[in-house]
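Have a look at the structure below, then the notes.
A short reminder: the numbers here are calculations on the coordinates, not readings from a lab. Just so it is clear, the structure is predicted and the values come from calculations on it, not from any experiment. When we count neighbours, we look across all protein chains shown, and the Cβ atoms used for this are built from the backbone with ideal geometry, even at glycine.
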Amino acid sequence: MLERGGADVALHLRGPNAGGRLLHDLAAELVPAARASGALLLVNDRVDVALAVGADGVQLGRRSLLPGDARRLLGDRPLLGVSVGPDAGRRGGAVAGADFVLAGSVYATATHPGRTGMGPGRLAELAVLGLPLVAIGGVTPERVGELRAAGAHGAAAIRAVWDADDPAEAVSRFLEAFDHADD
């Protein structure tokens, strides 16, 4: 997925309404499970929690710390991702210090009702940021080819995995789609 990460799968721990202690406890349980499966664990927004449990990185949202400030706290080892929308190419400084960007929503998604997706064309324009792009929002294995063609290095999925009858099989379908996207 990401050069410094060395994993094909990353788990993203989010809990926007959860307190620090609960997130810490969940992350502490997930770190060994993620490592045992060869996955990375990224903690959403909480640099303190990620550092305390030795997570593989942090994913910053649009209302989070600035990436440069987070990088100073993290040092250079943990991965640092930044969520961006379609206007990110005009705000390149907003990703300074990040290792990758989570870009979206690419397609309309029930996770963000009422929003139209920016589309793969706009995703391709975000290459100006100079960082690996991870596409999010309405992503399915069937869309991986066009996302790769637009420059995506990876994809993030919520519903396509969580709502699947067999989440492990859903992840396998994504990995297979990425393996064959450049054929």
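The table that follows gives values for the structure above.
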| quantity | calculated |
| --- | --- |
| Unit charges on C-beta of K, R, D, E only; dipole of the chain, Debye | 860 debye |
| More than 27 Å apart - percent of Cα-Cα pairs taken over the chain | 23 percent |
| Cα lying deepest toward the dipole's positive end in the chain, options Leu41, Pro16, Leu147, charges on Cβ | Pro16 |
| Span from the region 105-155 Cα centroid across to the region 55-75 one, whole angstrom | 22 Å |
